[in-house]
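Each remark here refers to the structure printed beneath this line.
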Amino acid sequence: MNSRISLNLIGAVTQSLRNRLNTTRLQALNDQRNHLISYTQSRAAGHAKWQNIASTKSKNDLMRGKLISRYVIMVRKAIVSNNRIADPRLNSKLAAVLAEAGKLNVPKATLERAIVRATNVKMITKSLDIKGPGGCAVIAQCETDNISNLRREVKKVIRHYDSYIMPDDTLISMFQSRGFIRAATKTRDGRDVSNDYAEEAAIMANAEEVTLERLPDATDEDLATAWIFKTDASLLAPCRGELEKFGLNILSYDLCLVPYRELTLDEEICEKLIELCEKLRELDQVVDVFHNVKIGE
């Protein structure tokens, strides 16, 4: 009898220990699972934050590149329209463009190269169609007096980005020409241009749309933001005239290539494309670069 009680007692104690051990193991597994979930969520949050930072940087780099190209074009216009006078002391329009570009931190060396090109009467315009990273379309608008040299210089750059030059006019059909007019956020008589005022001006001038643009790295707050009016290429001049009648202070106007359809590529390829565009713009003979990839949101 006593032996049976002892065996039962031992069995009960053993079962209790097993239950306690299982409970401990289960708690340990739960703790490990919760730690893993917490780590995964933290990592995902960190990755999302990095993606947002990368996206913002990509868009800022793109805007910066477009800004530089815009002032290269403005320098050329200022010189060509004033009998190719390249001395800002004798060309007030050029002096104004250079002063404004300085406030927006446009590289001085880039402006100097633009001045040299604008004074060369042998310069011709040339567009190069480039198959870019991920199979995207890139158009490089150039000014050169030696097309063979231009193609060599471009090839040296693009070969590092899985890109190559296509036959002329292969990719241009993927783009349409659109007019872009930049206007200050204050009217010529000093009044603030509100959203409603800008939209009303866009309607009166037959602009397709109007957006507020903020430029990165601007040292002049008045130039840091601007209203961008988009219009059909053929209506650029009349649209600009109507906006001026509305009292807007026009900062610049030019034609740009806009893709009919934008490609969505992965982050790594987008970064490679942006770097390619920057390297192309650093070439003396390249004026502007356009592509058909959607950058950021």
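The values are calculated or read from the model by the stated rules, or taken from the named source; none is laboratory data. Quick caveat: nothing in here was measured; it's all calculated off a predicted structure. Don't worry about glycine lacking a Cβ; one is built from the backbone with ideal geometry, like all the others, and counts go over all protein chains shown.
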Qualifying positions in segment 161-177 - more than 14 Å from Asn292 (Cα to Cα) and either among the small types (Gly, Ala, Ser) or in contact with a Lys or Arg (Cβ under 8 Å, 6 or more places away or on another chain) (or both): Tyr161, Asp162, Ser163, Tyr164, Ile165, Met166
Among (1) in a helix (DSSP H, G or I); (2) surrounded by 17 or more Cβ atoms within 10 Å (Cβ to Cβ), the one test that Ser148 misses: (2)
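Please tell me if Leu255 is under 27 Å from Gly132 (Cα atoms) and in contact with a strand residue (DSSP E or B) (Cβ under 6 Å, 6 or more places away or on another chain). Quick ask: steps written out before the conclusion?
Working: under 27 Å from Gly132 (Cα atoms): yes; in contact with a strand residue (DSSP E or B) (Cβ under 6 Å, 6 or more places away or on another chain): yes.
In short, yes.
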Restricting to segment 106-134, and then to whatever is in contact with a helix residue (DSSP H, G or I) (Cβ under 9 Å, 6 or more places away or on another chain) and assigned to a loop (DSSP other than H, G, I, E, B), can you tell me which residue is surrounded by the fewest Cβ atoms within 10 Å (Cβ to Cβ)? Pro107
I'd like the residue in segment 221-250 that is touching a Gly at 6+ places or on another chain (Cβ under 9 Å) and not small (Gly, Ala, Ser) and, out of all such residues, is surrounded by the most Cβ atoms within 10 Å (Cβ to Cβ). Phe229
Between residues in segment 247-270 that are closer than 20 Å to Ala137 by Cβ and at pLDDT below 95 and residues that are surrounded by fewer than 16 Cβ atoms within 10 Å (Cβ to Cβ) and hydrophobic (A, V, I, L, M, F, W, C), which pairs lie under 7 Å by C-beta distance while being six or more apart or on different chains? Leu255/Ala233; Glu267/Ala54
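Looking only at segment 128-146, count how many residues are on the phi < 0 side of the Ramachandran plot and at pLDDT 95 or above. Break it down into steps so the answer makes sense when it comes.
Filtering segment 128-146 for residues on the phi < 0 side of the Ramachandran plot gives 128-133, 136-146.
So of that shortlist, the ones also at pLDDT 95 or above come out as 128-133, 136-140.
Of the residues in segment 128-146, 11 are on the phi < 0 side of the Ramachandran plot and at pLDDT 95 or above.
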So Ala205 fits all but one of (1) touching an Asp or Glu at 6+ places or on another chain (Cβ under 6 Å); (2) more than 20 Å from Pro238 (Cβ to Cβ); what number is the exception? (2)
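Looking at this structure, is Ile85 assigned to a loop (DSSP other than H, G, I, E, B) and free of Cβ contacts under 8 Å to residues at least 60 places away in the same chain? Walk me through it before giving the result.
Values: assigned to a loop (DSSP other than H, G, I, E, B): yes; free of Cβ contacts under 8 Å to residues at least 60 places away in the same chain: yes.
Answer is yes for this residue.
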Check on Thr211, under 20 Å from Gly179 (Cα atoms) and surrounded by fewer than 12 Cβ atoms within 10 Å (Cβ to Cβ): yes
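Taking the criterion of being in contact with a Pro (Cβ under 9 Å, 6 or more places away or on another chain) and either surrounded by 17 or more Cβ atoms within 10 Å (Cβ to Cβ) or farther than 28 Å from Leu111 by Cβ (or both), would at least one residue in segment 251-265 satisfy it? Can you show your working first?
Pass one, segment 251-265, residues in contact with a Pro (Cβ under 9 Å, 6 or more places away or on another chain): 265.
With either surrounded by 17 or more Cβ atoms within 10 Å (Cβ to Cβ) or farther than 28 Å from Leu111 by Cβ (or both) added as a condition, the list becomes 265.
Within segment 251-265 (the criterion being in contact with a Pro (Cβ under 9 Å, 6 or more places away or on another chain) and either surrounded by 17 or more Cβ atoms within 10 Å (Cβ to Cβ) or farther than 28 Å from Leu111 by Cβ (or both)), the answer is yes, since at least one residue qualifies.
Looking at Val106, Val157, which one is within 25 Å of Met74 (Cα to Cα) and within 25 Å of the chain's Cα centre (by Cα)?
On the way: Val157 fails: within 25 Å of Met74 (Cα to Cα).
When all the criteria are applied, what remains is Val106.
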Here the qualifying pairs (Cβ atoms under 8 Å; residues six or more apart or on different chains; first in segment 149-164 and in contact (Cβ under 8 Å) with a residue 12 or more places away in the chain and closer than 12 Å to Leu276 by Cβ; second exposed (fewer than 14 other Cβ atoms within 10 Å of the Cβ) and not β-branched (Val, Ile, Thr)) come out as Ile158/Tyr164
